[in-house]
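Working notes for the structure below.
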Amino acid sequence: MKKLCVFVVVSVMALVMGANVSAGIIDAGPITYTTSIGAFWWMSGDLADGIVSSDIFNDAEWLGFGSSEILTVDFDLHGTYALAAVDVTYLAASWWDQRAPARIDLTFSTDGVNYGDLVTETSFIGDDGIQTKSIGVPDVTCQYVKAVLTAPQVNGNYWHRLSEFTFSEVPEPATMSLLGVGLLALVRRKK
Ligand SMILES: [Ca+2]
């Protein structure tokens, strides 16, 4: 009986952990986006291709935008998800006049028209290379995400250099059901 209980617990844990992995980062493949201002022409990076560049000089992995304007990026996840976090990877290098955003406002929509559930992030590491900021989202169900990046208030010429937006979803309800079924089986076996 004891062995059976251990088997059930291990099986449930394996299933739950497996389900959590698949329910984490949303596949970047189908995600598309538009930007309110054009990226610098020599940079051909994609903000939703699943690639986070570690090479700051590889213009094929980065997109650059002038920082004197507000940049809006409208994402279509091409599926409905309960989001847990949005990770933004950017370059902050004062020696190269590239700055972290001063602020990012995220809003969410199910129809691409009406946006709500505002999440504002103002805490970004402003220097020292490639940075990824994970912005927590309070379990918002949506298909569309609008990210508004506000430039920092600094003097001189500067710009944004962005590599990726990564979206993560909360564990699916199926995971919780699975856990419940497993525990129920365990309790019944004990009786
Ligand atoms: Ca990318």
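The values are calculated or read from the model by the stated rules, or taken from the named source; none is laboratory data. Only a predicted model underlies this, so the values are computations on that prediction, with no experimental measurement involved. Glycine gets a Cβ as well: all are built from the backbone with ideal geometry, and neighbour counts include every protein chain shown. Protein only, heavy atoms only, side chains kept; ligands, DNA and RNA dropped before computing areas. Shrake-Rupley method; radii C 1.70, N 1.55, O 1.52, S 1.80 Å.
Normalised size of the range 71-176, defined as Cα radius of gyration per 2.2 N^0.38 Å with N residues, equals 1.15. Given R0 = 45 Å, the distance between the Cβ atoms of ILE56 and LEU118 translates into a calculated FRET efficiency of 0.90.
How much of the accessible area of the range 26-170, probe 1.4 Å, is carbon plus sulfur, in whole percent?
Numbers: 3180 of 6570 Å².
Summing carbon and sulfur atoms, their accessible area is 48 percent of the total for the range 26-170.
Here the Karplus curve 6.51 cos²θ - 1.76 cosθ + 1.60, taken at θ = phi - 60°, turns the phi angles of the range 105-117 into couplings of 9, 10, 10, 9, 8, 9, 10, x, 10, 9, 10, x, 6 Hz, with x standing for Gly and Pro.
Placing unit charges on the Cβ atoms only, positive for Lys and Arg and negative for Asp and Glu, gives the range 26-170 a dipole magnitude near 360 debye about its Cα centre. Can you figure out the FRET efficiency of ASP49 with ALA85, using R₀ = 25 Å and their beta-carbon distance, to the nearest 0.05? So, using R0 = 25 Å, E works out to roughly 0.85.
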